[in-house]
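The values are calculated or read from the model by the stated rules, or taken from the named source; none is laboratory data. Please read all numbers here as calculations on a predicted model, not as lab measurements. Counting neighbours? That spans all protein chains shown, and the Cβs are built from the backbone with ideal geometry, glycine included.
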């Protein structure tokens with residue numbers, strides 16, 4: 001399909017039930033359309049409110065390929081603005097985060113703006129008298145994104161001014177965020193330091209798919225997790241089990257474990273593994289934690305919250321959260337074959353510090369550039385990206401436990417080794433790629 005004028009029909013034809021065309025991973029034209037349509041029409045994670053805790057605090061990131069600023073305004077509200085001066089286009093903020101005080105000042109010509117983006121002042125403003133500047137978009141200030149929602153501290157934004165509403169887009173999938181926040185006796189999270197960043201030479205969708213792929217751990221991670229387990233067994237499985245072994249050993253669980261774990265899918269591409277149990281179910285309890293939860297919520301709710309051990313929850317299009325270990329991974333696309341992964345650790349406010357220490361250990365062991373397990377996945381992603389450039393086959397198979405006429409418009413709980421969630425993601429991919437695409441939308445070359 002390379003070289004075609006890519007229309008809504010062409011995009012739809014790249015997904016056929018249990019298979020997807022290799023161009024969805026390899027084509028730069030498809031990538032550009034994803035930036036223009038998909039990432040504009042859905043709700044995308046921006047950051048957490050704790051990253052902009054004080055008035056004037058800002059945090060820079062991107063939605064798709066669009067640079068944005070998350071900032072706390074003087075009224076305490078969080079705004080998300082395009083990181084672009086309306087004058088000459090200069091980036092307003094280049095630091096990852098900081099505090100700008102009461103206003104932003106462009107470093108090029110000193111146009112200044114309130115922290116909600118409104119124009120504050122222009123030097124030598126008399127030079128614009130009778131030029132009709134007041135009739136332009138430029139005078140309105142830094143442009144805000146189309147819509148912003150703070151959900152329990154997580155900041156999401158939709159670039160498009162019109163489109164699907166937040167509650168309709170996420171629906172019942174928000175229960176995974178609820179569970180993560182409710183694990184704090186205070187009902188609040190804080191980002192625990194900057195995220196680990198890890199570059200991957202592959203398409204961003206490969207990483208998203210892998211989060212609910214339960215047929216690879218015992219294979220791809222045999223050399224890392226498998227070796228650790230063998231050493232532990234030779235030592236006679238000493239007790240108490242070291243925290244590191246509690247983290248890594250479950251990666252070698254058999255197929256039956258993952259089959260019985262279950263996968264839940266929700267509309268619009270969201271879903272999670274670990275419906276009934278997960279690799280996080282058997283961690284040792286942290287002293288004093290359950291008691292703090294009972295005091296905050298009562299015994300019944302405390303047990304219900306802590307017994308919910310979902311594995312990976314995918315929020316389409318590009319983040320994954322692990323509520324039991326308070327983590328979020330953000331898969332930022334930088335090209336058809338390049339993805340930056342950010343792995344955040346959160347602190348449960350008023351919970352024992354041992355919890356954030358365990359989460360940080362998990363992040364270092366599994367998600368870091370120096371991790372044990374993450375390199376196994378990276379090797380597979382990059383081999384797949386290279387392999388898809390071959391002419392062996394044009395289509396990628398997602399047929400495991402496939403059923404004809406699958407309905408992705410309703411919630412479903414199924415076998416934990418199904419590829420239904422991957423098909424669910426591509427169903428949403430087509431939906432939001434084409435909802436604003438005209439019949440012919442050629443990528444500029």
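Strands (runs of 3 or more DSSP E) wholly in segment 111-220 with at least 3 residues that are touching a residue at least 60 places away in the same chain (Cβ under 8 Å) - which ones?
The strands (runs of 3 or more DSSP E) meeting that bar are 147-151, 154-158, 189-191, 196-200.
Can you confirm whether segment 130-144 contains a residue that is exposed (fewer than 14 other Cβ atoms within 10 Å of the Cβ), touching a helix residue (DSSP H, G or I) at 6+ places or on another chain (Cβ under 7 Å) and modelled with pLDDT under 95?
yes
Any chance you could count how many residues in segment 356-407 are part of a loop (DSSP other than H, G, I, E, B) and within 30 Å of residue 346 (Cα to Cα)? Steps first, answer last, please.
Residues of segment 356-407 that are part of a loop (DSSP other than H, G, I, E, B), as a first pass: 368-373, 388-394, 398-407.
Narrowing the set further to residues that are within 30 Å of residue 346 (Cα to Cα) leaves 368-373.
The number of residues fulfilling the criteria is 6.
Does segment 226-241 include one or more residues that are closer than 25 Å to residue 354 by Cα and buried (at least 20 other Cβ atoms within 10 Å of the Cβ)? First the steps, then the outcome.
Of all residues in segment 226-241, those closer than 25 Å to residue 354 by Cα come to 228-229, 232, 237-241.
The next check asks that each one be buried (at least 20 other Cβ atoms within 10 Å of the Cβ); those that pass are 228.
For segment 226-241, residues closer than 25 Å to residue 354 by Cα and buried (at least 20 other Cβ atoms within 10 Å of the Cβ): present.
Would you mind stating whether residue 223 is under 28 Å from residue 411 (Cα atoms) and either touching a residue at least 12 places away in the same chain (Cβ under 8 Å) or in a strand (DSSP E or B) (or both)?
no
Matching residues to (1) crowded, with 20+ Cβ neighbours inside 10 Å; (2) within 26 Å of residue 202 (Cα to Cα):
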| position | (1), (2) |
| --- | --- |
| 390 | no, yes |
| 398 | yes, yes |
| 404 | no, no |
| 416 | yes, yes |
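Name the pairs whose Cβ atoms lie under 9 Å apart, with the first residue in segment 392-403 and assigned by TED's automatic domain parsing to the domain that holds residue 421 and more than 24 Å from residue 262 (Cβ to Cβ), the second at pLDDT below 95 and in a loop (DSSP other than H, G, I, E, B), and 6 or more positions between them or separate chains?
That search, which allows pairs on different chains as well, returns 394/1.
So residue 424 passes all but one of these: (1) in a loop (DSSP other than H, G, I, E, B); (2) surrounded by 14 or more Cβ atoms within 10 Å (Cβ to Cβ). Which condition number does it fail?
Just one mismatch for residue 424, condition (1).
Would you call residue 375 crowded, with 22+ Cβ neighbours inside 10 Å and touching a helix residue (DSSP H, G or I) at 6+ places or on another chain (Cβ under 8 Å)? Before the answer, list the steps.
Numbers: crowded, with 22+ Cβ neighbours inside 10 Å: no; touching a helix residue (DSSP H, G or I) at 6+ places or on another chain (Cβ under 8 Å): yes.
It is false that residue 375 is crowded, with 22+ Cβ neighbours inside 10 Å and touching a helix residue (DSSP H, G or I) at 6+ places or on another chain (Cβ under 8 Å).
Failed condition for residue 238, given (1) more than 22 Å from residue 326 (Cβ to Cβ); (2) in contact with a helix residue (DSSP H, G or I) (Cβ under 9 Å, 6 or more places away or on another chain); (3) at pLDDT 95 or above; (4) not in a helix (DSSP H, G or I), with all others met?
(3)
Okay, residues lined up against (1) surrounded by 21 or more Cβ atoms within 10 Å (Cβ to Cβ); (2) touching a helix residue (DSSP H, G or I) at 6+ places or on another chain (Cβ under 8 Å):
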residue	(1), (2)
323	yes, yes
335	no, yes
339	yes, yes
349	no, no
356	no, no
361	no, yes
366	yes, yes
